[in-house]
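The values are calculated or read from the model by the stated rules, or taken from the named source; none is laboratory data. What you see is a predicted model, and the numbers here were worked out from it, not measured in a lab. Cβ: placed from backbone, ideal geometry, glycine included. Neighbour counts: every protein chain shown. Side chains are part of the model used for accessible areas, which takes the heavy atoms of the whole protein and leaves out ligands, DNA and RNA. Shrake-Rupley method; radii C 1.70, N 1.55, O 1.52, S 1.80 Å.
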Amino acid sequence: MERLLKCKVCGEEIASSAKACPRCGARQKKHTVLYVSLAILGLLIISSAMGVGKETNKKNQSMPPQVNYQNTGSQNTSKSEEVPQVPAVSQEYLNALSQAQTYSDRMHMSKQGIFDQLTSEYGGQFPILAAQYAIDNLEADYKANALETAKIYYEKMHMSKEDVRDQLTSAYGARFTQEEADYAIANLD
């Protein structure tokens with residue numbers, strides 16, 4: 001059964017495969033995981049071509065490009081009393097992190113689900129780098145999130161354990177890892 005979506009212009013329900021709305025004729029944009037994956041791959045290729053690759057440690061890779069440094073010490077201190085500079089993260093990156101924390105805490109989403117929601121044109125519409133910063137700095141227990149999501153599928157939607165496992169790991173479902181889904185099924189009762 002094909003999934004129905006709402007037209008961005010008139011709100012009419014249309015098939016997800018439709019290229020244009022049959023009611024108003026508005027073209028429907030298609031953003032898939034493939035496009036996001038290609039964008040990430042392109043960024044990785046560009047960054048490695050610029051020499052950022054293996055020499056940069058993981059902490060520096062997760063730091064957003066718009067880092068501004070602010071001196072938190074007073075201007076009249078001696079060198080021995082200087083306070084180290086603290087990186088200030090842009091508000092957009094902090095907003096992405098805050099939204100990601102909400103998705104994890106309240107909706108019990110997977111890492112990939114949160115990333116997709118943050119970057120979706122129907123979701124947070126954050127740039128990929130802001131979403132990646134949020135994922136890298138998010139405090140989340142994805143196994144616990146998988147278990148909470150599994151409970152909803154099992155108890156409220158009356159799915160079998162195997163259907164729950166499939167839904168948890170599906171590219172069209174919750175998008176948890178196999179390990180996270182296995183943990184949820186093992187702890188479901």
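Out of the residues in region 159-188 that are of a type in the set (S, T, Y) and open to solvent by 80 Å² or more (accessible area, probe 1.4 Å), state the one that is modelled with the highest pLDDT.
Y183
(1) assigned to a helix (DSSP H, G or I); (2) under 30 Å from C7 (Cβ atoms); (3) within 13 Å of the chain's Cα centre (by Cα): which one isn't true of E92, the others all being true?
(3)
If you scan region 96-119, which residues turn out to be open to solvent by less than 30 Å² (accessible area, probe 1.4 Å) and not in a helix (DSSP H, G or I)?
S110
If a residue must be hydrophobic (A, V, I, L, M, F, W, C) and open to solvent by 70 Å² or more (accessible area, probe 1.4 Å), how many such residues does region 126-158 contain?
3
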